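Working notes for the structure below.
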Amino acid sequence: AQLEEAVAQLQRLKFHPREALPNATALARADSLFVELTGEARLRLGRAIGALRAALETQDEAQIRPPRELLVALTEELRWNRTPI
């Protein structure tokens, strides 16, 4: 049983969650928008990006999902509410 658990843990480590499509996409979209923003919107988005990056380091999907969902929602909100340059 211990051997099976160790093998399962190693298999999870082979593929880092930051490489998973939902996480990589959320970060790429947020990073793209971040460079276009200023002021409070940029600070809010920067904090959300940092929270997801920190959660990704845990490699625990239960800890990754909430900050990813927050980042996706915030990115969409800011994308639609920003004023064009």
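Each value in this text was obtained by applying a stated rule to the coordinates, not by laboratory testing. Everything numeric in this text was worked out from a predicted model, so none of it was measured. Neighbour counts are summed over all protein chains in view; Cβ atoms, including those assigned to glycine, are modelled from backbone coordinates with ideal geometry.
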Looking at segment 13-53, which of its residues are among the aromatic types (Phe, Trp, Tyr) and in a helix (DSSP H, G or I)? Phe34
Can Thr38 be described as among the hydroxyl-bearing types (Ser, Thr, Tyr) and over 9 Å from the mean Cα position of the chain (by Cα)? yes
Within segment 27-85, how many residues are of a type outside the set (Ser, Thr, Tyr) and within 21 Å of Pro17 (Cβ to Cβ)? 35
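Listed here are the residues, each with its yes/no results for (1) surrounded by 15 or more Cβ atoms within 10 Å (Cβ to Cβ); (2) in contact (Cβ under 8 Å) with a residue 24 or more places away in the chain.
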residue: Glu5; (1), (2): no, no
residue: Phe15; (1), (2): no, no
residue: Ala26; (1), (2): yes, yes
residue: Leu43; (1), (2): no, no
residue: Arg47; (1), (2): no, no
residue: Pro67; (1), (2): yes, no
residue: Glu76; (1), (2): no, no
